[in-house]
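K.L.:
Pasting a structure here, questions to come.
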Amino acid sequence: MVKLLSGNEAIARGAYEAGVTVATGYPGTPSTEILEAVEAFKQDVYCEWSPNEKVAFEVAAGASLAGARTVVTMKCVGLNVAADPLMTLSYIGVEGGFVACVADDPGMHSSQTEQDTRHYARLAKIPVFEPSDSQEAKDFVSLAMQVSEAYRTPVILRSTTRVSHSRSEVTLGARRPSPRTIGFEKNPPRHVPIPIWGRVMRKGVEKRLGDLADEAVRSPANRIEWRDRSLGIITSSIAYQYVREVWPQASVLKLGFAFPFPDDLIRAFAEGIQRVLIVEELDDFLEEHVLAMGIACQGRQFVPKVGELSPTALLSAQAKMEGKTPPRSGPLEVAADLPNRPPVLCPGCPHRGIFAALGKHDVVITGDIGCYSLGVFKPLDRMDVILCMGGGVSMAQGFEKAGEPKKVVGIVGDSTFFHSGITGLLDIAYNKGTATIIVVDNRTTAMTGHQDHPGTGRTLMGEQTFAASIADIGRACGFKRVRQVDPYDLRETQRVLTEEIEANEPSLIVSVAPCPLQERKPLGPKRAIDTDACKSCGLCLKLGCPAMEATGDAQRVNEYLCAGCGLCEQICPLNAIVSQEA
């Protein structure tokens, strides 16, 4: 049977066919849909959204050591969070196959950094598979699982945005259950990396890496495509597709089992061609190694290191190689005059009320990763720095302890709070900070598509469960001042904010209102502007609501966009914005 699948859907199907019984992860574009697609097989696979990537990795590691075949999913920056258990699991090794599906984001479409996961594989001394289309995305899960069990190693399946989100035909196969019996076999010298045993493990890791390099040479995931031998290109992942389009006559060494490097295969390929070109997305990871082997090659002289590759980018590289003028690139003429459309908070977004209230205060605001990151843009202009998940809490403590003369407010979302905000909250209370922390709780992981988390009361598999209370956690961490506000009540939100910011002890404000995109119903009656009362002061425009439009010197409410939140009505000093009752 053949189906059209995205790379993420294909990875999920590959996990099912490979006999995976435990799948964990934390949502993050471009990886999110993998675990959501695995959930369709919940009759055979246990699935969970874990509080963060580290927890997800550790749950999967435990399941693997018990004998289960497991996958864990995350985006590239999520592997930073899971790096600690990754390094140690490489030493301990696995029992049931263990595949970490990590999606890189060249071009930073939805990520705060543009990082190359292959470096983690080299650091942890574990294998990497890189599919170039959906069929390989499915097939490589099984290959990675086989390698994982044969060598008792965790394996990384590295996807990228284009592989994850592009669709192509996939031939489906049957599920192949693992023959392993579930049951952990105690063996402390193998499973406990204290120094006396860890030193032995370290030697085993090096031997395994050498054996894996030999395996990579034999792997069906790596292949040479002989064509014109005047130019040979070594490539992998989605770059392979672009290479075949731009250099259809060139010989190609396609690396699907990309690390450890298949040195014998690389040498055999290089010896059979006149000129070697390395085409890889992001860092010159492969090129450095080929040069270190003493093989003359080119790559970064022509191929961009920053940003996402494309056929257009490689056509430019081709022109440079041939001494020609690169083809002109840029906006299409028909689109050149279109206005920029920066992302904005949705109509009716509850975060808008918090940012509007914060606009009354001259404070330093440490932000975090989520929809509310958009508060940095004008006209809201209410976020000063963003570092990483949970940094909105911890950085607030750092600003305050450094002696920042202004009051400090940290903002974090509900899913991010459970991910990595709790430890920062504990730090503020324990070390006697005075920052005000706001958790904008919209009852979901909104930025990545409305996934559940420990505060929603639902699991990924649709089961009802305990809903963790952010306020109760704040009190347990040592916060005595804990307040809850409705961000649509602007006057009350402003009053609470003023009290807590002026307090000389730490405070936690929980702003609770569901994401309207998830609720899919009006928040209240639509609003309209009484043109006789309106003086066009423009104050309503400072909310940054897409439904509020400026037409010349006048303002109007777009009835098709208005969600009925009422913030504009509350902010107007002339009572010129009125409800349109049904």
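The values are calculated or read from the model by the stated rules, or taken from the named source; none is laboratory data. Just so you know, these numbers come straight off a predicted model, no measurement behind them. Here the Cβ positions follow ideal geometry from the backbone for every residue, glycine too, while neighbour counts run over all protein chains shown.
K.L.:
Within the range 422-446, work out how many residues are assigned to a helix (DSSP H, G or I), among the hydrophobic types (A, V, I, L, M, F, W, C) and under 20 Å from H351 (Cβ atoms). Explain how you work it out, then say what you get.
P.N.:
To start, the set of residues in the range 422-446 that are assigned to a helix (DSSP H, G or I) comprises 422-430.
Cutting the leftovers down to among the hydrophobic types (A, V, I, L, M, F, W, C) gives us 422, 425-426, 428-429.
Now restrict to residues that are under 20 Å from H351 (Cβ atoms): 425.
Count: 1.
K.L.:
Would you pick out the residues in the range 387-404 that are of a type in the set (A, V, I, L, M) and either crowded, with 19+ Cβ neighbours inside 10 Å or part of a helix (DSSP H, G or I) (or both)?
P.N.:
If we filter the range 387-404 for residues that are of a type in the set (A, V, I, L, M), which is where we start, we get 387, 389, 393, 395-396, 402.
Correct list: M389, V393, M395, A396.
K.L.:
Counting only residues that are in contact (Cβ under 8 Å) with a residue 60 or more places away in the chain, more than 14 Å from M321 (Cβ to Cβ) and surrounded by 17 or more Cβ atoms within 10 Å (Cβ to Cβ), how many does the range 235-250 have?
P.N.:
Number satisfying all stated conditions: 7.
K.L.:
Could I ask something else about it? With respect to A213, is the statement that it is surrounded by fewer than 24 Cβ atoms within 10 Å (Cβ to Cβ), in the same structural domain as P131 (by TED's automatic domain parsing) and at pLDDT 95 or above true?
P.N.:
yes
K.L.:
Please specify each residue of the range 15-40 satisfying the condition of being farther than 21 Å from G413 by Cβ and of a type in the set (A, V, I, L, M, F, W, C).
P.N.:
A15, A18, V20, V22, A23, I34, A37, V38, A40
K.L.:
Does the range 17-33 contain at least one residue that is modelled with pLDDT of 95 or more, part of a helix (DSSP H, G or I) and closer than 29 Å to G390 by Cα? Step through it out loud before you land on a result.
P.N.:
Step one: of the range 17-33, the residues modelled with pLDDT of 95 or more are 17-33.
Next cut, part of a helix (DSSP H, G or I) only: 17, 32-33.
Now drop any that are not closer than 29 Å to G390 by Cα, which leaves 32-33.
The answer is yes; a qualifying residue exists.
K.L.:
For the list (1) closer than 30 Å to Q43 by Cβ; (2) touching a Pro at 6+ places or on another chain (Cβ under 7 Å); (3) in a helix (DSSP H, G or I), I need the number of the one condition that S415 fails.
P.N.:
So S415 meets the others, but not (2).
K.L.:
Just to be sure, is P189 surrounded by fewer than 16 Cβ atoms within 10 Å (Cβ to Cβ), farther than 24 Å from H119 by Cβ and touching a Phe, Trp or Tyr at 6+ places or on another chain (Cβ under 7 Å)?
P.N.:
Yes; evaluated as a whole, the condition is true for this residue.
K.L.:
Please report, ordered by residue number, the strands (runs of 3 or more DSSP E) entirely within the range 448-538 with at least 2 residues that are hydroxyl-bearing (S, T, Y).
P.N.:
Working: elements: 481-485, 507-512, 526-529.
Filter on the range 448-538 gives 507-512.
K.L.:
So V38 passes all but one of these: (1) outside any helix (DSSP H, G or I); (2) farther than 24 Å from G198 by Cβ; (3) among the aliphatic types (A, V, I, L, M). Which condition number does it fail?
P.N.:
Of (1) outside any helix (DSSP H, G or I); (2) farther than 24 Å from G198 by Cβ; (3) among the aliphatic types (A, V, I, L, M), only one is false for V38: (1).
K.L.:
Would you check which residues across the range 248-260 are farther than 12 Å from I273 by Cβ and among the hydrophobic types (A, V, I, L, M, F, W, C) and list them?
P.N.:
L255, F257, A258, F259
K.L.:
Follow-up. Would you say P127 is closer than 15 Å to R162 by Cβ and either in the same structural domain as I386 (by TED's automatic domain parsing) or at pLDDT 95 or above (or both)? Spell out how you get there, then give the answer.
P.N.:
Working: closer than 15 Å to R162 by Cβ: no; either in the same structural domain as I386 (by TED's automatic domain parsing) or at pLDDT 95 or above (or both): yes.
Here the answer is no, as P127 does not meet what is asked.
K.L.:
From the list T88, T32, T24, exactly one residue is among the hydroxyl-bearing types (S, T, Y), under 27 Å from I369 (Cβ atoms) and either surrounded by fewer than 21 Cβ atoms within 10 Å (Cβ to Cβ) or not assigned by TED's automatic domain parsing to the domain that holds V128 (or both). Which is it?
P.N.:
After applying the criteria, what remains is T88.
K.L.:
Can you find even one residue in the range 116-128 that is more than 14 Å from G256 (Cα to Cα), surrounded by fewer than 24 Cβ atoms within 10 Å (Cβ to Cβ), in contact with a Leu (Cβ under 8 Å, 6 or more places away or on another chain) and basic (K, R)?
P.N.:
yes
K.L.:
Please enumerate the residues belonging to the range 54-78 that are touching a residue at least 12 places away in the same chain (Cβ under 8 Å), farther than 19 Å from F418 by Cβ and assigned to a helix (DSSP H, G or I).
P.N.:
A61, A63, S64, L65, C76
K.L.:
Do we find a residue being touching a Leu at 6+ places or on another chain (Cβ under 6 Å), closer than 23 Å to Y242 by Cβ and not in a strand (DSSP E or B) anywhere in the range 85-99?
P.N.:
So far as the range 85-99 goes, no, none of its residues is touching a Leu at 6+ places or on another chain (Cβ under 6 Å), closer than 23 Å to Y242 by Cβ and not in a strand (DSSP E or B).
K.L.:
Identify, from the list G449, G552, the residue that is surrounded by fewer than 18 Cβ atoms within 10 Å (Cβ to Cβ) and more than 30 Å from E48 (Cβ to Cβ).
P.N.:
Working: G449 fails: more than 30 Å from E48 (Cβ to Cβ).
Going through G449, G552 in turn, the sole match is G552.
K.L.:
What single numbered condition from (1) of a type in the set (G, A, S); (2) surrounded by fewer than 24 Cβ atoms within 10 Å (Cβ to Cβ); (3) farther than 15 Å from A239 by Cβ fails to hold for S166?
P.N.:
The single condition S166 does not satisfy is (3).
K.L.:
Now a separate question. With the condition being farther than 29 Å from L212 by Cβ and polar (S, T, N, Q), I'd like the helices (runs of 4 or more DSSP H) fully within the range 260-329 carrying at least 1 qualifying residues.
P.N.:
It comes to 311-321.
K.L.:
In the range 159-231, which helices (runs of 4 or more DSSP H) lie fully inside it and hold 3 or more residues that are over 22 Å from Q146 (Cα atoms) and among the aromatic types (F, W, Y)?
P.N.:
Details: elements: 161-165, 188-191, 195-218.
So the answer is none; nothing clears 3.
K.L.:
Now a separate question. Which condition from (1) closer than 29 Å to Q146 by Cβ; (2) touching a strand residue (DSSP E or B) at 6+ places or on another chain (Cβ under 6 Å) is the one that D283 breaks?
P.N.:
The failed condition is (2).
K.L.:
Could you tell me whether any residue of the range 217-234 is closer than 23 Å to D116 by Cα, surrounded by fewer than 20 Cβ atoms within 10 Å (Cβ to Cβ) and touching a residue at least 60 places away in the same chain (Cβ under 8 Å)?
P.N.:
no
K.L.:
Let me ask another. Take the residues of the range 145-158 that are over 23 Å from the mean Cα position of the chain (by Cα) and outside any helix (DSSP H, G or I): which is surrounded by the fewest Cβ atoms within 10 Å (Cβ to Cβ)?
P.N.:
R152
K.L.:
Quick check on L345: is it surrounded by 20 or more Cβ atoms within 10 Å (Cβ to Cβ) and either in contact with a Lys or Arg (Cβ under 8 Å, 6 or more places away or on another chain) or not in a loop (DSSP other than H, G, I, E, B) (or both)?
P.N.:
Here the answer is yes, as L345 does meet what is asked.
K.L.:
Among the residues of the range 348-363 satisfying the criterion of being of a type outside the set (G, A, S) and either assigned to a loop (DSSP other than H, G, I, E, B) or out of contact with any strand residue (DSSP E or B) (no Cβ under 7 Å at 6 or more places or on another chain) (or both), which is surrounded by the most Cβ atoms within 10 Å (Cβ to Cβ)?
P.N.:
C349
K.L.:
Only one of (1) closer than 24 Å to R162 by Cα; (2) touching an Asp or Glu at 6+ places or on another chain (Cβ under 8 Å) fails for T21. Which number is that?
P.N.:
(1)
K.L.:
Out of S579, S511, S507, report the one residue that is over 30 Å from A396 (Cβ atoms) and either in contact (Cβ under 8 Å) with a residue 24 or more places away in the chain or surrounded by 12 or more Cβ atoms within 10 Å (Cβ to Cβ) (or both).
P.N.:
Being over 30 Å from A396 (Cβ atoms) and either in contact (Cβ under 8 Å) with a residue 24 or more places away in the chain or surrounded by 12 or more Cβ atoms within 10 Å (Cβ to Cβ) (or both) holds for just one of S579, S511, S507, which is S579.
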